[in-house]
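Undergrad: Got a structure for you, questions after.
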Amino acid sequence: MAQGLSTVHILGAGPTGSLAALALAENNQRVVLHDPLSVESLTARSRAYAITHSSRRLLQDLELWDSLVEDLIPFELLDLRDQSVNKRVLFRLKDLPSGHQTHGGIGWILDHGPLMQSLLNRLRIHPGVELFLGSPPPRSGPNDLVVAADGPGSPTRASWGIGHWQHNYRQGCLTAKVAMRGVGEKKAFELFRSEGPLAVLPLGQGNFQVVWSAPLHKCKQRCELSRSVFLDQLAAILPPGLEPDRLLDRPRAFPQQLMLAHRLSCGRGVLIGEAGHRCHPVGGQGLNLCWRDVETLLQSVRGGGSPSTIARRYGRQRWMDLLLVGLSTDLLVRLFSNRSRLLLPFRGLAIGLLALNSTLRKLSLRAMSDGPMQLMRVLPD
């Protein structure tokens, strides 16, 4: 146990808070995990996540990967298209570092329910974890580290007096699960369109997660359409041969922001996950960025010291990765979701260079898979 640290209190038991609880408990820390929601509410959310190789390594280190392997849907081909300039680039397994290729996917898609069930099942039986789900938590002590993982509207962040910088995108985001025909099970799409990017992510058995960015009022209007009209509108913007067949859940719309807290630590407390930052969903970086918070927090705890020392160390170490990912996703949206004709030649040139140059594809895919901070570092497989 780190010197001077008694217990870690984690506020928020979503995917990031729960993973942090398991990672710290496996590192011989005593952990208290609290969420005002019940287990049923925590597992009921209808959404899916893109999982990259940085998250794959963390899940393997915590011996969670094998329990999730049947629910992890790999994609071996990423088809990226700019529909305004009618150009595309295909990212394949061979564009990954050689050690990554043996794991069978550029990335994986994982549904929220199986992920949360696996995490909570491990936490229930872990001797170092106390769960307070749907019930009040105990008070933290002066030698405890407090970890705020309570989401983008974090009441903990507000109570600590930490402000945040936020840019509200004109775009909102619509998510829906759709059965489709005409596409392979291990292929994902990222389509750049003038109203916003559209991702089509495989869920297995011919089902796909659609992440459709557009002006927020349009997203809300599309959520109210009949199933047949919704599918017709989706079919009109998909690549030729890709045919939506059935709508599997109710579409949901929500706003999108670029957000970063002014500080990631306060005294003996830290912000992780969306309590500290948010980025645009283009490229599927959101959860992976949150889980790299967990990895950095674990390293900070291993470094020892008092709770306040651990918190300051974590806050210093996380800034660069958060800034680079936030700025790069923002740049992608501004460049490729843009109606300016002046930018079209640059967009065509960028896609064309990626399609022709394997080195650029490998660098781009490595940044997406491992995070921009790891580009110059030799990584474990």
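Undergrad: Are there any strands (runs of 3 or more DSSP E) wholly within segment 1-79 with 2 or more residues that are out of contact with any Leu (no Cβ under 7 Å at 6 or more places or on another chain) and surrounded by 19 or more Cβ atoms within 10 Å (Cβ to Cβ), and if so which?
TA: Answer list for segment 1-79: 7-11, 73-75.
Undergrad: Is it the case that some residue within segment 91-104 is modelled with pLDDT of 95 or more and part of a loop (DSSP other than H, G, I, E, B)?
TA: no
Undergrad: List every residue pair whose Cβ atoms sit under 7 Å apart, with the two residues 6 or more apart in sequence or on different chains, where the first one lies in segment 273-285 and is without any contact (Cβ under 8 Å) to a residue 12 or more places away in the chain and the second, anywhere, is crowded, with 23+ Cβ neighbours inside 10 Å and part of a loop (DSSP other than H, G, I, E, B).
TA: Cβ pairs passing all conditions: none.
Undergrad: Sticking with this one: From the set of residues in segment 71-115 that are under 22 Å from L349 (Cβ atoms) and free of Cβ contacts under 8 Å to residues at least 24 places away in the same chain, which is farthest from the chain's Cα centre (by Cα)?
TA: Filtering segment 71-115 for residues that are under 22 Å from L349 (Cβ atoms) and free of Cβ contacts under 8 Å to residues at least 24 places away in the same chain, the one farthest from the chain's Cα centre (by Cα) comes out as N86.
Undergrad: Identify all residues within segment 80-90 that are surrounded by 16 or more Cβ atoms within 10 Å (Cβ to Cβ) and assigned to a strand (DSSP E or B); write none if there are none.
TA: Across segment 80-90, the qualifying residues are L80, R81, D82, K87, R88, V89.
Undergrad: Counting only residues that are touching an Asp or Glu at 6+ places or on another chain (Cβ under 9 Å) and either closer than 29 Å to L365 by Cβ or among the small types (G, A, S) (or both), how many does segment 305-320 have?
TA: 2
Undergrad: Spot the failing condition for R250; the list is (1) closer than 30 Å to A275 by Cβ; (2) at pLDDT 95 or above; (3) not in a strand (DSSP E or B), and only one is missed.
TA: That leaves (2) as the condition not met.
Undergrad: Among the residues in segment 301-310, are any assigned to a helix (DSSP H, G or I), of a type outside the set (D, E, K, R), out of contact with any Leu (no Cβ under 8 Å at 6 or more places or on another chain) and farther than 16 Å from G17 by Cα?
TA: Taking segment 301-310 first, the residues assigned to a helix (DSSP H, G or I) are 301-302, 307-310.
Filter once more, so that each one left must be of a type outside the set (D, E, K, R): 301, 307-310.
If we keep only those that are out of contact with any Leu (no Cβ under 8 Å at 6 or more places or on another chain) as well, we get 308-309.
Checking the rest, the ones that are also farther than 16 Å from G17 by Cα come to 308-309.
Yes, because at least one residue in segment 301-310 is assigned to a helix (DSSP H, G or I), of a type outside the set (D, E, K, R), out of contact with any Leu (no Cβ under 8 Å at 6 or more places or on another chain) and farther than 16 Å from G17 by Cα.
Undergrad: I've got another one for you. Name the residue that is nearest to L258 (Cα to Cα), counting only residues in segment 137-160 that are of a type in the set (S, T, N, Q) and surrounded by 12 or more Cβ atoms within 10 Å (Cβ to Cβ).
TA: S154
Undergrad: In addition: Quick test for you: out of R339, R366, pick the one residue that is closer than 21 Å to L77 by Cα and not aromatic (F, W, Y). Step through it out loud before you land on a result.
TA: Numbers: R339 fails: closer than 21 Å to L77 by Cα.
On inspection, the qualifying residue turns out to be R366.
Undergrad: Can you say whether R222 is charged (D, E, K, R) and part of a helix (DSSP H, G or I), as far as the supplied structure shows?
TA: Spelling it out, R222 is indeed charged (D, E, K, R) and part of a helix (DSSP H, G or I).
Undergrad: State whether the residues of segment 211-227 include one that is of a type outside the set (S, T, N, Q), surrounded by fewer than 21 Cβ atoms within 10 Å (Cβ to Cβ) and touching a residue at least 60 places away in the same chain (Cβ under 8 Å).
TA: No; the residues of segment 211-227 include none that is of a type outside the set (S, T, N, Q), surrounded by fewer than 21 Cβ atoms within 10 Å (Cβ to Cβ) and touching a residue at least 60 places away in the same chain (Cβ under 8 Å).
Undergrad: When residues of segment 92-117 are filtered for being surrounded by 19 or more Cβ atoms within 10 Å (Cβ to Cβ) and either small (G, A, S) or closer than 20 Å to N28 by Cα (or both), how many remain?
TA: 2
Undergrad: More than 19 Å from G14 (Cα to Cα) and outside any loop (DSSP other than H, G, I, E, B): does that describe R263?
TA: no
Undergrad: Further, regarding this structure: Determine whether L349 is farther than 23 Å from L201 by Cβ and either buried (at least 16 other Cβ atoms within 10 Å of the Cβ) or at pLDDT 90 or above (or both).
TA: Yes: the conditions hold for L349.
Undergrad: Being without any contact (Cβ under 8 Å) to a residue 24 or more places away in the chain and under 20 Å from H262 (Cβ atoms) is the filter here, so list the residues in segment 303-334 that pass it.
TA: R313, R316, Q317, L327
Undergrad: Something else: Could you list, in sequence order, all residues of segment 230-244 that are in a loop (DSSP other than H, G, I, E, B) and more than 26 Å from the chain's Cα centre (by Cα)?
TA: Answer for segment 230-244, where residues must be in a loop (DSSP other than H, G, I, E, B) and more than 26 Å from the chain's Cα centre (by Cα): A236, P240, G241.
Undergrad: Right, another one. Looking at (1) under 30 Å from I237 (Cα atoms); (2) at pLDDT below 95, which one does S6 not meet, given that it meets all the others?
TA: (1)
Undergrad: Restricting segment 278-295 to residues that are in contact with a Pro (Cβ under 9 Å, 6 or more places away or on another chain) and not in a helix (DSSP H, G or I), which is nearest to N143 (Cα to Cα)?
TA: For segment 278-295, the residue satisfying everything is R278.
Undergrad: What's the total number of residues in segment 300-346 that are under 20 Å from S84 (Cα atoms), within 17 Å of the chain's Cα centre (by Cα) and surrounded by 18 or more Cβ atoms within 10 Å (Cβ to Cβ)? If you could, list the steps in order and put the result at the bottom.
TA: Of segment 300-346, the ones under 20 Å from S84 (Cα atoms) are 329-346.
Within this subset, residues satisfying the condition of being within 17 Å of the chain's Cα centre (by Cα) are 329-330, 332-333.
Checking which are surrounded by 18 or more Cβ atoms within 10 Å (Cβ to Cβ) leaves us with 329, 333.
Selection size over segment 300-346: 2.
Undergrad: Pick out, from segment 141-198, the strands (runs of 3 or more DSSP E) lying fully within it that include 2 or more residues that are farther than 17 Å from A50 by Cβ and in contact with a Lys or Arg (Cβ under 9 Å, 6 or more places away or on another chain).
TA: Values: elements: 145-148, 164-181, 187-192.
Here the list reads 145-148, 164-181.
The values are calculated or read from the model by the stated rules, or taken from the named source; none is laboratory data. Just so it is clear, the model here is predicted, and its values are computed rather than measured. For neighbour counting, all protein chains shown are included, and Cβ atoms are generated from backbone atoms with ideal geometry for every residue, glycine included.
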